[in-house]
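Notes follow once the structure below has been shown.
What follows draws every value from the coordinates through simple rules; no lab data is involved. All of these numbers come straight from a predicted model, not from anything done at the bench. FYI the Cβ positions are ideal-geometry reconstructions off the backbone, even for glycines, and counts take in every protein chain you see.
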Amino acid sequence: MQFQVVYQDVTEHRQTEEKVRKLYSLQTAIRYINESLLKVGDEQALFEQVCRFLTDVEFIRFCWIGLTDKESLEVKPVAYSGFEDGYLSSLKIHLVNNRGPVGEAIKTRQPCTVADIENDSRFTPRREAALKRGYASSLAVPLIHDAEVIGVLSVYSGSKDAFGDAEINFLVEAAGDIALGISTLRLRRELQQSFSSVGKALEGTVSALASVAEVRDPYTAGHQQRVTRLAVAIATEMGLPQEQIEGIHVAGTLHDVGKLHVPAEILSKPGRLSEIEFNLVKLHAQAGYDILKTVEFPWPVAQIVLQHHERLNGSGYPQGLKGEDILIEAKILAVADVVEAMASHRPYRPALGMGQALDEISKNSGTLYDPEIVDVCYKLFYDKEFKFD
């Protein structure tokens, strides 16, 4: 009698250990799944990783994920892991008249457990195929996204009655993680598509504005694009964040849009400008700001345009800003603008050449122009062989 009690205690202890080991391995798989949610870039990668993590659990022989197809009204497998051996190729699950565990899980929106595949009538059509592959029990859990069942997570074990309440709870959590991953990835994709559409519309608007300004000033046709290329190259070489570089690109493309308010005959005058005429030209920075200030750019475009003629020592216009009061983006545009303008032809003078343009920014480095920006600009032309065209 005493031997029987000891044997029973040992057996129960081993069963408890086995149960703890099963649940720990499931918990580990769930942790890996949660971590993968932060890393995967698309749904297919998510599905494949989930299946692989779950079949790493010792008692899970096979796992697959299927998504509902509204057109065919079927559940279509999209990923699997474990011992499949052609099982899915013969699997046809119709959403309307399917009485199997997968169909039941989808209809009831609840997990469906089959403790003994060999003797459960719900497995009648596929019993032989399942038993042949060593499947003894199964669990199907619906994937619910935005209150709609979009698919199913289905797992199989080589042991009967492998899915108790604790195992079911863990796998329901896994299904929730999958649904959350799907929701996150689809939202991310929608946002990217939205940003892409907005970006294209914004790019078109920016280009149109820039073109209108250059039509009125044919001598600076292409000036804004060339200044933008150099400014973006400088910002990139300086290691500025991509978002900031994008702002410089937009501001560079529009930095002379305020010339729409300057009389065309002044812009194209072949001789030197009088003081009054030059003061009218200088108004283009403020005019550009006034045009752009109500546009909700994700960058301080209007301020950059306003400040691109400011100088470190306060001798610039229109506000006479000094040093750190000037945006770094405006400082970059200032250097790019001067270099391009001096190197190009103007109505009142021929092109002065790149050598003289670079001498200008070098001579006034630290006085008019930011020294770091000047050094990077020099490096681009002499070491990296930057060219405008």
### Partners for Lys107 among aspartates and glutamates (Cα-Cα distance below 15 Å; same-chain residues under 8 apart left out)
Asp69, Glu74, Glu148
### Query
Per-residue HN-Hα couplings for the stretch 130-139, Karplus 6.51 cos²θ - 1.76 cosθ + 1.60 at θ = phi - 60°, whole Hz, x for Gly and Pro?
5, 5, 4, 9, x, 7, 10, 8, 8, 9
### Task
Please give the net charge around Gly103, taking every other residue with its beta carbon less than 15 angstrom from that of Gly103, where Lys and Arg add +1 and Asp and Glu add -1.
+3
### Message
Can you tell me how the stretch 2-188 classifies by the Cα gyration tensor, rounded, prolate or oblate, using a/c under 1.5 as the rounded cut?
### Response
oblate
### Message
How many angstrom lie between the Cα centre of the stretch 298-343 and the Cα centre of the stretch 87-130?
### Response
70 Å
#### Entry: DSSP-defined beta bridges in the chain - what % are antiparallel, rounded to 5
95 percent
### Relative contact order, percent, the chain [alpha-carbon distance under 8 Å, six or more residues apart]
10 percent
### Query
Which angle from 0 to 90°, rounded to the nearest 10, does the C-alpha axis of helix 328-343 make with the longest principal axis of the chain?
50 degrees
### Task
At a Cα cut-off below 16 Å, give the lysines reachable from Lys379, other chains included and same-chain residues fewer than 8 away excluded.
Lys363, Lys387
### Summary
Residue span Tyr24 to Ser315: 0.36 nm per residue of separation minus Cα-Cα distance leaves a gain in nm of 97.7 nm
